[in-house]
Amino acid sequence: GEDVEQSLFLSVREGDSSVINCTYTDSSSTYLYWYKQEPGAGLQLLTYIFSNMDMKQDQRLTVLLNKKDKHLSLRIADTQTGDSAIYFCAEGKGKLIFGQGTTLQVKP
Amino acid sequence: DAGVIQSPRHEVTEMGQEVTLRCKPISGHNSLFWYRQTMMRGLELLIYFNNNVPIDDSGMPEDRFSAKMPNASFSTLKIQPSEPRDSAVYFCASRGQGDRPSYEQYFGPGTRLTVT
């Protein structure tokens with residue numbers, strides 16, 4: 001069945017770039033998503049990429065998609081303490097399959 | 001728009017008691033999802049509805065769990081009887097109609113359930 005895998009934890013210093021990686025198995029997904037969960041809150045859609053794109057940039061966020069390797073990454077430039085959260089990648093339509101989430105810790 | 005509304009935000013109950021979690025989706029959304037999040041198991045999809053009809057309930061743990069959506073603006077998730085292993089944060093999410101990715105799931109703030 002479909003599966004989405006992420007590393008569980010990433011620690012960076014404020015001002016550095018963060019790269020969160022994800023692999024998925026379902027090659028038929030039209031869109032792939034990144035969600036952000038701040039402490040005590042629900043998940044919030046952060047960005048998405050169409051499956052026929054290689055890259056999408058949105059301010060400090062860059063999403064890279066390698067469809068051949070089924071690899072998705074989220075790069076956060078100039079990481080701030082406010083970026084500390086859990087980041088989930090997801091694929092599908094309607095019923096999304098979520099990864100386990102990557103906890104991003106930003107040290108001042 | 002107020003977003004997805006869940007109540008209560010926190011619930012503490014004793015083992016064996018019935019628990020009812022409530023969700024009001026975003027107006028106009030036609031899909032509703034119930035998730036459970038724990039440290040051990042991460043985010044699990046329990047059930048989802050499309051146009052008030054349950055489409056996939058394969059994630060519902062066992063018969064103690066039931067979910068209803070009597071109309072487009074309200075859904076409940078009931079646990080009877082509750083057990084300590086049901087302790088988790090339960091999220092409701094809703095999705096707009098159509099194919100645009102921006103319609104994808106909007107999550108509520110969650111209900112933190114503790115069963116003692």
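The values are calculated or read from the model by the stated rules, or taken from the named source; none is laboratory data. Just so it is clear, the model here is predicted, and its values are computed rather than measured. Cβ: placed from backbone, ideal geometry, glycine included. Neighbour counts: every protein chain shown. In case anyone asks, the SASA skips ligands and DNA or RNA and just uses the protein heavy atoms, side chains included. Shrake-Rupley method; radii C 1.70, N 1.55, O 1.52, S 1.80 Å.
Coupling constants for segment B:38-46 follow from the phi torsions by the Karplus curve (6.51 cos²θ - 1.76 cosθ + 1.60, θ = phi - 60°), and in residue order they are 9, 5, 6, 10, x, 9, 10, 7, 8 Hz; glycine and proline get x.
Charge tally around residue B:22: other residues with Cβ under 13 Å, Lys/Arg +1 each, Asp/Glu -1 each, net +3. Between residue B:27 and residue B:112, the FRET efficiency estimated from the beta carbon spacing at R0 = 41 angstrom works out to 0.95.
For chain B, dividing the convex hull volume of the Cα atoms by the residue count gives 97 Å³ per residue.
Both chains summed, the buried accessible area for B and A stands near 1400 Å², from protein heavy atoms and a 1.4 Å probe. Shielding of peptide A:42-55 by partners, expressed as the average count of other chain Cβ atoms within 10 Å per residue Cβ, is 3. Rolling a 1.4 angstrom probe over the protein heavy atoms with all chains in place gives segment A:1-79 an accessible area of 54 Å² per residue. Each Lys and Arg Cβ is given +1 and each Asp and Glu Cβ -1; about its Cα centre, chain A then shows a dipole of about 120 debye.
Magnitude of the charge dipole for segment A:54-108, about its Cα centre and with charges confined to Cβ atoms of Lys, Arg (+1) and Asp, Glu (-1), is about 200 debye. Among the protein heavy atoms of chain A, carbon and sulfur supply 48% of the accessible surface, probe 1.4 Å, non-protein parts ignored.
For chain B, the carbon plus sulfur part of the accessible surface works out to 49%, probe radius 1.4 Å. Pairs with C-alpha atoms separated by more than 22 Å, drawn from the list A:36/A:56; A:36/B:68; A:56/A:93; A:36/A:68; A:56/A:107; A:70/A:95, are A:36/B:68; A:36/A:68; A:56/A:107.
In the context of the full set of protein chains, residues of segment B:9-95 present 50 Å² of accessible surface per residue (probe radius 1.4 Å, heavy atoms only).
Here the relative contact order of chain B, from alpha carbon pairs under 8 Å that lie six or more residues apart, stands at 36 percent.
Modelled spin labels at residue A:69 and residue B:2, positioned 7 Å past Cα toward Cβ, are 4.7 nm from each other. For the protein assembly as shown, the equivalent ellipsoid derived from the alpha-carbon gyration tensor has semi-axes of 30, 20, 16 Å in decreasing order.
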